[in-house]
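The values are calculated or read from the model by the stated rules, or taken from the named source; none is laboratory data. Treat the numbers as computed from the prediction; the structure is a model and nothing was measured. Note: ideal-geometry Cβ built from the backbone for every residue, glycine included; neighbour counts use all protein chains shown.
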Amino acid sequence: SAKIKDSFKLNLEKTTRNSVEFSWDKVKDATGYEILRYSTASKKYVVIDDIDFDKLSDEDREASEEAEVYSYLDQEKTSATIYNYQVKAYNKVDGKKVYLKESEKLKATTTPLTPNITVKSSSRKTARLTWKNCSTRATGYKVYMATS
């Protein structure tokens with residue numbers, strides 16, 4: 001496949017402990033978008049979804065063609081994990097995909113789980129806190145204190 005010169009930006013919208021949502025502006029003449037995520041197993045970007053306007057219902061296709069911004073929600077992810085994404089815009093010519101543009105790569109990290117904290121003992125000047133490790137991926141914890 002030929003190298004695509006133009007690129008477009010992916011915007012990180014939201015991350016939770018098990019999902020990543022991102023968006024991008026419409027690419028002129030695109031009739032579909034491939035969503036890719038980096039696979040550490042294969043060490044390359046693999047297609048995880050294909051939004052092909054031709055395969056949508058008439059109502060959904062019309063809405064997709066009129067949209068100025070698209071968004072994608074990748075769910076059932078692992079907490080505190082880095083994910084890398086890319087989107088490729090295409091148009092179909094004689095039933096074959098012709099890639100128009102590819103996005104810049106987006107790096108997103110899902111949020112970690114929040115531990116349940118127990119106050120074991122406290123006095124006017126000290127407090128002893130305990131919690132169970134809630135992630136095998138955690139390498140440390142930040143503890144914040146407020147006076148009110």
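What to note about this one:
- The listed residue being in contact with a Leu (Cβ under 9 Å, 6 or more places away or on another chain), within 22 Å of residue 95 (Cβ to Cβ) and acidic (Asp, Glu), out of 60, 29: 29
Conditions (1) at pLDDT below 85; (2) touching a strand residue (DSSP E or B) at 6+ places or on another chain (Cβ under 7 Å); (3) farther than 29 Å from residue 37 by Cβ, marked per residue:
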residue	(1), (2), (3)
101	no, yes, no
106	no, yes, no
118	no, yes, yes
123	yes, no, yes
134	yes, no, no
140	yes, no, no
147	yes, no, yes
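- Of residues in segment 49-58 being surrounded by 12 or more Cβ atoms within 10 Å (Cβ to Cβ) and touching a Ser or Thr at 6+ places or on another chain (Cβ under 9 Å), the one farthest from residue 11 (Cα to Cα): 56
- Every condition in (1) among the polar types (S, T, N, Q); (2) within 21 Å of residue 99 (Cβ to Cβ); (3) within 20 Å of the chain's Cα centre (by Cα) is met by residue 31 except one, and the failing one is (3).
- Take the conditions (1) touching a residue at least 12 places away in the same chain (Cβ under 8 Å); (2) over 30 Å from residue 26 (Cβ atoms); (3) assigned to a strand (DSSP E or B); residue 101 misses just one of them, which is (2).
- Scanning segment 81-119 for residues that are more than 13 Å from the chain's Cα centre (by Cα), of a type in the set (A, V, I, L, M) and crowded, with 17+ Cβ neighbours inside 10 Å turns up 89, 100.
- Residue in segment 59-76 that is nearest to residue 7 (Cα to Cα), counting only those that are surrounded by 15 or more Cβ atoms within 10 Å (Cβ to Cβ) and at pLDDT 95 or above: 70
- Boolean, residue 111 is under 26 Å from residue 38 (Cβ atoms), among the β-branched types (Val, Ile, Thr) and out of contact with any Cys (no Cβ under 9 Å at 6 or more places or on another chain): yes
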